[in-house]
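Worksheet for the structure shown next.
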Amino acid sequence: MREFEILEKVAASSIGFEHGANVSNEGKSAGFTQCFVVTFRDEKGLETYVEHPAHHEYVQVARDKREKVVLFDASSYRT
């Protein structure tokens, strides 16, 4: 998790960073134990983050430390 926290400091395009352990007792987590959420102001910020060398380094470090990953990019629309 420390490696991921470093990304917050180097990826200036992020405007929010949260992480935590699963504490649900509903049994619907499909075995996932951790959640990481990075928020960006816009799609350009996301693109900058994904291409940042520190992000690539994190992927290499974390690749063998996890059994499975769910990743998705979401847009938040306010009405």
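Quick one: would you say residue 73 is assigned to a helix (DSSP H, G or I) and at pLDDT below 85? Judged against the criteria, residue 73 is not a match. The single residue among 58, 49 that is within 21 Å of residue 21 (Cα to Cα), assigned to a helix (DSSP H, G or I) and at pLDDT 80 or above turns out to be 58. When region 17-41 is limited to residues that are under 19 Å from residue 71 (Cβ atoms) and part of a loop (DSSP other than H, G, I, E, B), the one that is farthest from the chain's Cα centre (by Cα) turns out to be 28. Sub-9 Å Cβ pairs linking a first residue in region 54-74 that is under 20 Å from residue 13 (Cβ atoms) to a second residue that is hydroxyl-bearing (Ser, Thr, Tyr) and assigned to a helix (DSSP H, G or I), at least 6 apart or interchain, are 55/49, ordered by first then second residue.
Scanning region 24-42 for residues that are surrounded by 10 or more Cβ atoms within 10 Å (Cβ to Cβ) and either under 16 Å from residue 8 (Cα atoms) or without any contact (Cβ under 8 Å) to a residue 12 or more places away in the chain (or both) yields 29, 35, 36, 37, 38, 39, 40, 41, 42.
The values are calculated or read from the model by the stated rules, or taken from the named source; none is laboratory data. As the structure is a prediction and not an experimental result, all values here were calculated from the model. Heads up, the Cβs are rebuilt from the backbone with ideal geometry, glycines too, and the neighbour counts pull from every protein chain shown.
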